[in-house]
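All remarks here apply to the structure that follows.
The values are calculated or read from the model by the stated rules, or taken from the named source; none is laboratory data. Since this is a predicted model, take the numbers as computed values, not measurements. We place every Cβ from the backbone using ideal geometry, glycine too, and count neighbours over all the protein chains shown. Note: areas computed on protein heavy atoms with side chains; ligands, DNA, RNA excluded. Shrake-Rupley method; radii C 1.70, N 1.55, O 1.52, S 1.80 Å.
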Amino acid sequence: MSAAETVASSVRKGVPAITLAGVNKWFGALHVLRDVNLEVAMGERVVVCGPSGSGKSTLIRCINRLEEHQEGQIIVDGKELSNDIRSLDAIRREVGMVFQSFNLFPHLTILENCTLAPIWVRKMPKKEAEALAMEYLERVRIPEQAGKYPGQLSGGQQQRVAIARALCMKPKIMLFDEPTSALDPEMIKEVLDTMVMLAETGMTMICVTHEMGFARTVADRVVFMDRGEIVEQGVPEELFANPRTDRLKTFLSQILRGH
Amino acid sequence: MSDLAAGGTPAVPTVPRRAPITMIGPVAWARANLFNNWWSSAITLAMIYLLVKVAVSFVSWAFINAIWVVPVSPAGVANTEACRAIAGVGACWAVITEKHRFILFGTYPYEQHWRPAIVCLLFIGLYVVSAMRRFWRWELALVWIAVLTLIGVLMWGGILGLSYVPQERWGGLPITLILATFGLAFAFPLAILVALGRRSKLPAIKALCVLYVELIRGVPLISLLFMASVMFPLFLPEGLNIDKLLRAQVAIILFAGAYLAEVVRAGLQALPRGQYEAADALGLSYWHKTGLIILPQALRLVIPPLVNTFIGFFKDTSLVLIIGIFDLLTAGKTAIIEPAWQGFGVEVYITLGVIYFVFCFAMSKYSSGLEAEFNRHRRR
């Protein structure tokens, strides 16, 4: 498979950051993840796309166990996900997540949102945590909003704060669950720019998104899911230019028509 | 271009101006709401007439024709003939002048009344200090323990040269404040734990919390107090006797706890799931998540129903009268049993009403201030 070889070569190291092997999940009778196998290397940027209800959000939510899988194995940063709370907390410390609806803590200021986890989870002194938070707020270009509450910011600004908040934990892996889907069109770009910048730092990223432009610029690999299974995957140009399955063809034609 | 009107002519920017004077201001308001047709004008005038009439007759009863003191014979029997002569025309506040110490402190030894008086002031001081946000530190818990200990020492005595006063002789306002303060101070944390327990994933904890809430909620407070006072001692081994006030106190805590738990649970329920998920995704432990993210938001949401329940329970403490504990209301009722003062219930009940109202209204005002301050973050 030439596609797989290209993928492997474009990634710096072959150490797997995340391994999913034979993962199955059901919501009641609904089989939402069907025998999913996926390996993401350290430093790799993966974009997951697919029609709505295809299980892509569920897939990345399984990686930090916001959803539990019922069969198969998920190994994150060398640790297997299980019911053991201590290893789960250890995994969550290394995996940052950005949500579609931002999920900032509305009763805390922007700065407090960013320092909360470093102070309570990483046991970092307050001063140090604040310096770190300001550094990341600077990087997402909103240091001047540090004293405000989330409700006072625009959607795009909130999402950038959410990215900064996740980065303050210095995670090894970042998960993005449709980070731009809840945004007004004029705010999508500022969030995508922040993500591109993050990708340039060599962060391992898994991103569920419909932004094909972003996939083209940033992704080492695009994974296409439909009805709970991985249908096709490969380097973005190749996958978009030569879809091999009808399902991907239909999906691409639909989102291209939409744009 | 969006600032072009449909016809293609550029829109002229509109300068903001004041609303016409006939549309705003008190005169316009009165015209729109009170006198907008002959029918509503008639009702308005009738209501004004009624209000004035009631106010005038109340003032003349309560102040102008009122009697404030009556002669008391050396034997301690009041001569209330003057009061009886003006019954229905003027109030006899002399009953309060004469009996206020009994109403406030019940059967506590008369010459020791300064002790429950200080206790009441200590309670009020404790409320005021606890209400100020700048004192919201860990040390406040120590202040509470110290003040409550001091209150216990003052009420019981028996040390530091204070004479011992058994609990059966306590009464009046201190009892009401003790029951309400301890009741809510213990019921509130209990309620939070029960509310969290009801949402727990552990089936045993969840079942226990549901059982507790449903059992307690399904029984009237009076029957709970009755059980605590009459039935509970029957189950205790011979010779072991738990203080009656303590038993009533425990019953009140359990009862208030069940109600408050449901209020807290409503707040937990109202939080979007994303808040829980964001806290989980950051790796916060259950207690960090609960204490730093969930409870601060959930409790803010339910300040109005919480204070509603608090106020309700402050007044419900008066139900302890059925098991013979002398709270403020019972002391007031007892004060007018004496033949000389029979028939002056209205004056006593108005006074009691004012005391209850002051405490409840203070709680209510404080909570609305707290609500505004806490929900600052929701303003844009």
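So here's what we get for this one:
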{"read-out": "Residue in region B:44-62 that is in contact (Cβ under 8 Å) with a residue 12 or more places away in the chain, open to solvent by 100 Å² or more (accessible area, probe 1.4 Å) and closer than 30 Å to B:ALA340 by Cβ present", "value": "no"}
{"read-out": "Of residues in region B:185-213 being in a loop (DSSP other than H, G, I, E, B) and not hydroxyl-bearing (Ser, Thr, Tyr), the one surrounded by the most Cβ atoms within 10 Å (Cβ to Cβ)", "value": "B:ARG199"}
{"read-out": "Test: residue in region B:247-263 that is over 17 Å from B:ARG198 (Cβ atoms), within 14 Å of chain A (Cβ to nearest Cβ) and surrounded by 20 or more Cβ atoms within 10 Å (Cβ to Cβ)", "value": "no"}
{"read-out": "Near pairs, Cβ below 9 angstrom, 6+ apart or cross-chain, from region A:29-51 (without any contact (Cβ under 8 Å) to a residue 12 or more places away in the chain) to any residue that is part of a loop (DSSP other than H, G, I, E, B) and open to solvent by less than 50 Å² (accessible area, probe 1.4 Å)", "value": "A:LEU30/A:GLY228"}
{"read-out": "Single residue of B:THR317, B:THR290 found to be away from every other protein chain (no Cβ under 14 Å), farther than 30 Å from B:GLY90 by Cβ, open to solvent by less than 20 Å² (accessible area, probe 1.4 Å) and of a type outside the set (A, V, I, L, M, F, W, C)", "value": "B:THR317"}
{"read-out": "Enumeration of residues in region A:61-107 that are within 11 Å of another protein chain (Cβ to nearest Cβ), open to solvent by less than 20 Å² (accessible area, probe 1.4 Å) and under 23 Å from A:ARG227 (Cβ atoms)", "value": "A:ILE63"}
{"read-out": "Failed condition for A:THR115, given (1) buried (at least 22 other Cβ atoms within 10 Å of the Cβ); (2) assigned to a helix (DSSP H, G or I); (3) away from chain B (no Cβ under 14 Å)", "value": "(3)"}
{"read-out": "Residues being facing another protein chain (nearest Cβ under 9 Å) and touching a Phe, Trp or Tyr at 6+ places or on another chain (Cβ under 6 Å) - total across region B:294-314", "value": "1"}
{"read-out": "Residue ID - farthest from the chain's Cα centre (by Cα), chosen from residues in region B:146-184 that are open to solvent by 50 Å² or more (accessible area, probe 1.4 Å) and among the aromatic types (Phe, Trp, Tyr)", "value": "B:TYR164"}
{"read-out": "Output for region B:205-240, where each listed residue is at pLDDT 90 or above and basic (Lys, Arg)", "value": "B:LYS206"}
{"read-out": "Failed condition for A:ALA164, given (1) within 12 Å of chain B (Cβ to nearest Cβ); (2) open to solvent by less than 10 Å² (accessible area, probe 1.4 Å)", "value": "(1)"}
{"read-out": "Pair list, Cβ under 6 Å, 6 or more apart: region B:267-284 residue within 9 Å of chain A (Cβ to nearest Cβ) and farther than 20 Å from A:ALA90 by Cα, other residue among the small types (Gly, Ala, Ser) and surrounded by fewer than 21 Cβ atoms within 10 Å (Cβ to Cβ)", "value": "B:GLY274/A:SER101"}
